Amino acid sequence: MTETSTGTLTPSAPANPLLDRGFRIPFHRIEATHVVPGVRALLQQAETRIQALAEAGDGGTWEDTVERFDAITEAVRRGTTPIHHLLAVAETPELREAWNEVLPEVSVFWSRLYLHEGIWNRLKAYAAGDEAQKLDPLRRRHLDKTVRDFQRSGADLPEADRARLEAIDVELSRLGQKFSENVLDATAGFEFHVTDEVRLDGIPADAVTRFRRKAEASDREGWILTLDHPSFEAVMKHASDRALRREIHQAFLGRGSAEPWDNRPLIPRILELRTEKAHLLGFPDFPDYRLEEQMARSGARAREFVSEMVERTHPHWEKDLEALRDHATTEGLPDLRPWDVSWLMERLRKARFDLDEEELRPYFPLERVVKGLFELTERLFGLRVEAREIQEVWHPDVRYYEITDEAGTLLGGFYADFFPRPEKRQGAWMNDFAYGGPGKNGGFAPHLGSIAANFPPPGENRPALLGHRDVETLFHEFGHLLHHLTSRVAIEGRGGVNVAWDWVELPSQLLENWAWEREALDLFAAQWETGERLPEDLFRRMIRARRFMGGWRQMRQLGLGTLDLALHTDFDPSRDGDAGEWVTEKLLPLSPDREFAAAHPLNSFLHLFPGGYAASYYAYLWSEVLEADLFSRFREEGIFNRETGRSYLEAILSQGDSEDPEILFRRFMGRDPDPEALIRRNLGEAA
């Protein structure tokens, strides 16, 4: 027997850690050799339970129909989620090969599960029976949505169409995995060797030191530049050498565009398969299929939203574009090119607001920011976060924490992985590893999750220092994590982050607001050597610059949303040729010129192809409209008002998908959303 973090005894861990059902996942024990036998054991166990459920016949009760089905899906997800996670943070050739061996089997399992006649007949019979008519609202909602999942998977289609849907799902899984692998390999495979230090002029000393360390690690003189986020950002924002900026910018955008990591042949096929799937299920296009269950409800409404936002944003974007062009002339540039924008923004911010983002970095040491974020969480929500020393981690840099509520109930645990590595994918994200929630007898089982980022690591004789945008990123991912860990919905499928895709970003984007509030910044913004808090003058300059280039940034998001919806609605590979060129044409009206329009990330766009944002990238701005309005209540009542925080926790954060998002919003705000809130915050004149 082994003891858990909560002090309870559990059976000793099985030989294959993927079959372990303890609270924490034994990441330290998982090896590539466990993947194939572990996954096959999971699938075999699931198939046995599926067969038993199907053979039980029609009718049954909630417990022996819906709950039995949910238990099957939960077991497979719990067993395969650690593999997905390790592929994102600690991929090895052996792990990749093992996963690719069983990926077709996993894809077939999920596709067949929602096409299984026996289970579908049993579920339909239960839904039509007397007990189902008397279910409480939460169970009724879950039943209805489970029925819809089967229908949207093709359970009512003829056998030939069901077989075709299964084949489509399997191929899409394979293509998505390959797309992701190509981006990871292309990112890790790029190095730019600099031997003349003059070329690094303007780049912060910490970044230059990191570049030197990379060169030393491979016994080379000079400096090695890579495409991980801290390296890329340091060059694009600060390098005076325009040719160097161009080199790194084109390499970054070129990921997934050439052999041996070429994603261009995959994109038309992915789009073609998604369209075919939508047509088989009776939808005119993939966005209509995808968005039927989201807040937007249809592709037309999503496109209308994006179009409206483009129209509202365009005057502000034009003003920002004019400012960039003027400043390019001031800086002696003959024209404005895509690789100049970040550099010019930094120069213009300094000229206009006397603010250099690097001036802020010493005030955001990672450890203090994390500690301040946890104190903020306790003040606002009454939730306590404490570090725990554990061995179940995938890398020495990984930390582990547990979070409890005011009554001392353990709500969950989470891992934090903050620094870049070659075997780790770019960006920042949250994972929901396991769902707990309220039990039938009044207890509460803890949730488990993680957050990951690619922040600049510690330097020589100094801690990891974040840029203010990094602080926002940390708050964003922690907002997602709180959505998962605070869920008090008794049914996993309706709890936590299992919500409409255009609602899921609200808790994450909402928490970013505290990174701009003086009262919150005072919890953590202090000079890393002296402890001096963020000077008032520097804070005021930061706030004055908050809306700086807001039109440009918002149009960038709208451009990505536009290309996403257009690709999934109008693109025809047989008629339109190269997808990249086609997207460039679509982005021309939202771009200064063709070269800017062509500077899109299509071939490395992880959100759209292996990720979950296909036909849903608009959701970032949709959610932002809602959270900008929602935060107004905190501004009015106090950003650390415990009653307001408790109201938000109870009305929205802990409610998952127990009710429609519109209802949850009205319950907290007492009214419908104000669509002008985002425009006022992001695009108003600078203070």
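Coordinate-derived values only; no laboratory data. Please read all numbers here as calculations on a predicted model, not as lab measurements. Because the Cβ atoms are built from the backbone with ideal geometry, glycine has one as well, and the counts that use them run over all protein chains shown.
Before moving on, here are some points about what is shown:
- The amide H of residue 412, built 1.01 Å from its N in the peptide plane, has 403, 447 as neighbours under 5 Å, considering only residues 5 or more places off or on other chains.
- Within segment 388-460, the trypsin sites (Lys or Arg not before Pro) that combine a DSSP coil assignment with at most 14 other C-beta atoms in a 10 angstrom radius are 388, 440.
- Global form of segment 219-335, assessed from the alpha-carbon gyration tensor, a/c cut-off 1.5: oblate
- Reducing segment 106-153 and segment 195-218 to their Cα centroids gives an inter-centroid distance of 58 Å.
- Furthest towards positive pole of dipole, 88, 53, 42, structure part segment 2-156, Cβ charges: 88
- Within segment 41-142, the trypsin sites (Lys or Arg not before Pro) that combine a DSSP coil assignment with at most 11 other C-beta atoms in a 10 angstrom radius are 134.
- Greater than 29 Å apart at Cα, pairs in 145/178; 237/424; 124/277; 178/586; 178/237: 145/178; 178/237
- Spread over its residues, the convex hull of the C-alpha atoms of segment 190-253 is 70 Å³ per residue.
- Tensor-based shape of segment 2-156 (alpha-carbon gyration tensor, a/c under 1.5 rounded, otherwise prolate or oblate): prolate
- Scanning the chain for GluC sites (Glu not before Pro) that sit in a DSSP loop and have at most 11 other Cβ atoms within 10 Å, the longest stretch containing none of them is 1-220.
- The chain - share of DSSP beta bridges that are antiparallel (%, nearest 5): 80
- Electrostatic dipole magnitude of segment 190-253 [Cβ: Lys, Arg +1; Asp, Glu -1; Cα centre; debye, to 20]: 180
- Measure of compaction for segment 624-687 (Cα Rg per 2.2 N^0.38 Å): 1.17
- Mean Cα-pair separation over length for segment 190-253, i.e. relative contact order, pairs under 8 Å, 6 or more apart, %: 39
- Cα gyration tensor, segment 446-586 - rounded (a/c under 1.5), prolate or oblate: oblate
- Environment charge at residue 117 (Cβ cut-off 11 Å; Lys +1, Arg +1, Asp -1, Glu -1): +2
- CD proxy at 222 nm, helix term only [per DSSP H run n ≥ 4: -39500 (n - 2.57); per residue of the chain; nearest 500]: -17000 deg cm²/dmol
- Sites listed here are trypsin sites (Lys or Arg not before Pro) in segment 532-599 whose DSSP assignment is loop and whose Cβ has at most 16 other Cβ atoms within 10 Å: 546.
- Average Cα contact separation per residue, the chain, under 8 Å, 6 or more apart, as relative contact order %: 14
- In order through segment 494-505: 3J(HN,Hα) via Karplus (6.51 cos²θ - 1.76 cosθ + 1.60), integer Hz, x for Gly, Pro: 10, x, x, 8, 7, 10, 4, 5, 8, 10, 5, 7
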